[in-house]
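Structure first, commentary second.
The values are calculated or read from the model by the stated rules, or taken from the named source; none is laboratory data. Worth saying up front: this structure is predicted, and the values here are computed from it rather than measured. With ideal geometry, Cβ positions are generated from the backbone for all residues, glycine too; neighbour counts draw on all protein chains shown.
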Amino acid sequence: MAGAPRALAVEYQEPALTPQGTRTPADIKRWRQYLADERAEAATYRYLARKRGGEERDILLALAQAEGRHEQHWRALLGDDVGKPLRPSLRNRALGFLARRFGSVFVLALAQRAEGRSPYAADPSATNAMAADEQIHEEVVRGLATRGRNRLSGNFRAAVFGANDGLVSNLALVMGIGATGVSSAFVLFSGIAGLLAGALSMGAGEYVSVRSQRELLTASRPTQVTLTAAKELDINANELVLVYRARGMSPEAAEHRAAERMGRFSCDCDPSLSLQPERTEPRDEHESVGSAIGAAASSFCFFASGAIIAVLPYIFGLSGISAIVTACVLVGLALLGTGAIVGLLSGASPLKRALRQLAIGLGAAGATYLLGLAFGVSLG
């Protein structure tokens, strides 16, 4: 297949057929489940390939082809015991559903984790080549998922962390003030004020941060002054060589490039040192940084969307301990969600990231609540 990675082209090994008398019902059940899962994984990669083009599409189709080889292994082992197709595992059914509806980096991140959990290395019924395939598949999917993460990393980073900051900071504010025993109206006003202040601060901070980073990157980009200045330089004291050496070229490569610029060479001896000027990328070369306005808007909106959750109980008329408990529950669920999303995108365990996010958020809010109680007692 054109474009298929060489690492995927592992030679298929015919399985050593297990005699009918030595295979157990547990073996047959396990193999049939493997067969169903391989079919589902191949279908998932084909669904994802439909939403991609070029090299990514070729790689995904090659992955589907590799899963097809594994499917044939289990089919050959089962022989007459193949039976009716089983349902894939819940994980593979979820992956297939998401791939058909979305086909996003989230699906690739989940597929990466699924490939990394393959049981073939510990199963004597699977060949060594199959176990190696699954290890390689994890790295292939990791590479594809990384491309998607890079496309999301700028504005998405601002959005996720903006929401998380809004959840934690406003819950801490509401719980700390609520613990002092002031009226619910005062707590609500404080929460809304904290929402606006935090969202504006986050938006402004993200704008300045991303704008400054992009300006620093732009300042490091070479200009085309060498094209206009070269013809006026002294051929015997050629500072143009210093320009190219400062950009990282070896002395020999720098001298060759300078000679080209001054018209002394017309050959294309090395394409990396050709007479073509450095191209200005038509697309944004700082894509992974994100745009300053986009990052600021994402940070503002998501901070506000997170911060509003903490004051919802007070908006709907709750007060006292019931409002605080309800706010903790709502914010806790949101923290679990943001933690799981970060875990998915990073290829880590969504559950562990979700629980970590919950523990940090509620821990910070609990500390301010205790502080509010202490102030409330001292003021009372």
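Scoring Glu260 on the criteria (1) over 30 Å from Ser212 (Cβ atoms); (2) at pLDDT 80 or above leaves a single failure, condition (2). For the range 175-197, the set of residues classified as more than 14 Å from Val311 (Cα to Cα) and part of a helix (DSSP H, G or I) consists of Ala197 only.
Which helices (runs of 4 or more DSSP H) sit wholly inside the range 42-140 and have at least 2 residues that are among the acidic types (Asp, Glu)?
54-78
Taking the conditions (1) at pLDDT below 85; (2) assigned to a helix (DSSP H, G or I); (3) basic (Lys, Arg) in turn, Arg39 satisfies each one other than (1). Among the criteria (1) more than 29 Å from Glu206 (Cβ to Cβ); (2) surrounded by fewer than 17 Cβ atoms within 10 Å (Cβ to Cβ), the one Leu312 does not fulfil is (1).
The requirement of being within 25 Å of Val107 (Cβ to Cβ), touching a Lys or Arg at 6+ places or on another chain (Cβ under 9 Å) and either modelled with pLDDT of 90 or more or not assigned by TED's automatic domain parsing to the domain that holds Ala114 (or both) is not satisfied by Glu56. If only residues of the range 348-380 that are over 30 Å from Glu115 (Cβ atoms) and surrounded by 19 or more Cβ atoms within 10 Å (Cβ to Cβ) are counted, the one that is modelled with the lowest pLDDT is Gly372. Exactly one residue out of Glu67, Glu71, Glu55 is over 19 Å from the mean Cα position of the chain (by Cα), within 26 Å of Ala132 (Cβ to Cβ), surrounded by fewer than 15 Cβ atoms within 10 Å (Cβ to Cβ) and of a type outside the set (A, V, I, L, M, F, W, C), and it is Glu55. Please determine whether any residue of the range 104-125 is hydroxyl-bearing (Ser, Thr, Tyr), modelled with pLDDT under 80 and in the same structural domain as Ala49 (by TED's automatic domain parsing). Within the range 104-125, one or more residues are hydroxyl-bearing (Ser, Thr, Tyr), modelled with pLDDT under 80 and in the same structural domain as Ala49 (by TED's automatic domain parsing).
Can you name every residue in the range 302-348 that is more than 25 Å from Phe186 (Cα to Cα) and aromatic (Phe, Trp, Tyr)? Across the range 302-348, there are no qualifying residues.
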